[in-house]
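Trainee: There's a structure below that I have some questions on.
The values are calculated or read from the model by the stated rules, or taken from the named source; none is laboratory data. All figures in this text were calculated on a predicted structure; none of them were measured in a lab. Every residue, glycine among them, receives a Cβ derived from its backbone with ideal geometry; neighbour counts consider all protein chains shown. What goes into the accessible areas is simple: the full protein's heavy atoms, side chains included, and nothing from ligands, DNA or RNA. Shrake-Rupley method; radii C 1.70, N 1.55, O 1.52, S 1.80 Å.
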Amino acid sequence: MKRRQPISRRLLLGGGATLFGLPFLESLVPRAARAQAEAAPVRLVYIFLPNGLDMATFRPATVGTDYALPPMFTGLDALKGDFSIVTGLENVNAKPDGAGDHAAGTSGFITCAHANKSQTDVKLGISADQVAAQKFGAATRLPSLQLGIDGGGGTGDCDSGYSCAYARNISWADALTPLPKNRRPGASLQPALPRV
C-alpha cells in the first residue's frame, strides 16, 4: 500500500484563504438547519421577452386555481401553487406617441409609465422591481439585480425619436435614472477587495 504525502501547512493555509474569499452559499447549508433558520426572503422576478412569445402556449385555457398548465410551463406541475399566470392586462401607458413601439413598450414594461419622446429629455418613472427593492431589499444580499444579455449605451436615437435609455432599460430607479443591465452577474456577487 502506497503511503500518501502529508499536506503541507503552506498548501493548507493557501487553500483556506481561497475558501474565505468565496461568498456564503445558502444552498450548502443542511436542510434541517435551513428549516430552523428564519424564513428565506421571497424573490420577485420580471422576465422581459423583447420578441414576444406564442401566447397560445403561454395562456391557460381556463381561469382560477384549478387550471391546466399551458404547454410553455411543461414540467412545472409540482410548483404550480408557487406562481401565478396573469393574463388579460393592457399597459396603455406603454403605447408610443406615433412611431416608436419598441422603445415605448420596453420602457413601459414594469414602469407602467408613458415615456417622454425625446433623445435628451428622458423621463419615465420608477419600475415595480425597484419599488419592491426599496421595500424588501434589505432582507437579501443584493436588493436588486438587473440581468441582461445585450449591452449598449443609453444615449442617442434608438427608435423613431425615443432615447436609447428607453429601448435598453426596463428597470428604473426613478423617473430620470435607468438601471443598466448587468451582463456578468457573477461580478455582482464577488466581495469587494481592498486596493493595495
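Trainee: With the checklist (1) over 30 Å from Ser160 (Cα atoms); (2) within 22 Å of the chain's Cα centre (by Cα); (3) not hydroxyl-bearing (Ser, Thr, Tyr) in hand, flag the one item Ala68 doesn't pass.
Mentor: All conditions pass for Ala68, except number (2).
Trainee: Take Thr111 and tell me if it is surrounded by fewer than 21 Cβ atoms within 10 Å (Cβ to Cβ) and part of a loop (DSSP other than H, G, I, E, B). Spell out the reasoning first.
Mentor: Details: surrounded by fewer than 21 Cβ atoms within 10 Å (Cβ to Cβ): no; part of a loop (DSSP other than H, G, I, E, B): yes.
It is false that Thr111 is surrounded by fewer than 21 Cβ atoms within 10 Å (Cβ to Cβ) and part of a loop (DSSP other than H, G, I, E, B).
Trainee: So Ala139 passes all but one of these: (1) of a type in the set (A, V, I, L, M, F, W, C); (2) open to solvent by 50 Å² or more (accessible area, probe 1.4 Å); (3) within 13 Å of Thr120 (Cα to Cα). Which condition number does it fail?
Mentor: (3)
Trainee: On to the next question. Only one of (1) of a type outside the set (Asp, Glu); (2) at pLDDT 65 or above; (3) in a helix (DSSP H, G or I) fails for Ala17. Which number is that?
Mentor: (2)
Trainee: Another question, if that's okay. Cβ-Cβ under 6 Å, sequence separation 6+ or interchain: first residue in segment 103-119 and under 20 Å from Val131 (Cα atoms), partner open to solvent by less than 10 Å² (accessible area, probe 1.4 Å) and outside any loop (DSSP other than H, G, I, E, B). Which pairs?
Mentor: Close Cβ pairs satisfying both conditions: Ser107/Tyr166; Thr111/Trp172; Ala115/Ala104; Ala115/Ser107; Ala115/Tyr166.
Trainee: Cβ-Cβ under 7 Å, sequence separation 6+ or interchain: first residue in segment 132-145 and touching a residue at least 60 places away in the same chain (Cβ under 8 Å), partner open to solvent by 60 Å² or more (accessible area, probe 1.4 Å) and part of a loop (DSSP other than H, G, I, E, B). Which pairs?
Mentor: Partner pairs satisfying both residue conditions: Ala132/Leu44.
Trainee: Restricting the search to segment 142-151, which residues are exposed (fewer than 14 other Cβ atoms within 10 Å of the Cβ) and either within 14 Å of Leu179 (Cβ to Cβ) or not β-branched (Val, Ile, Thr) (or both)?
Mentor: Correct list: Leu142, Leu147, Asp150, Gly151.
Trainee: Within segment 79-91, can one find any residue that is part of a helix (DSSP H, G or I) and touching a Leu at 6+ places or on another chain (Cβ under 7 Å)?
Mentor: Checked segment 79-91: at least one residue is part of a helix (DSSP H, G or I) and touching a Leu at 6+ places or on another chain (Cβ under 7 Å).
Trainee: Now a separate question. Against the conditions (1) open to solvent by less than 70 Å² (accessible area, probe 1.4 Å); (2) modelled with pLDDT under 90; (3) of a type in the set (Asp, Glu), where does Asp129 fall short? Just the number, please.
Mentor: Here Asp129 clears every test but (2).
Trainee: Being at pLDDT below 95 and assigned to a loop (DSSP other than H, G, I, E, B) narrows it down to one residue among Gln134, Gln119; which is it?
Mentor: Values: Gln134 fails: assigned to a loop (DSSP other than H, G, I, E, B).
The conditions single out Gln119.
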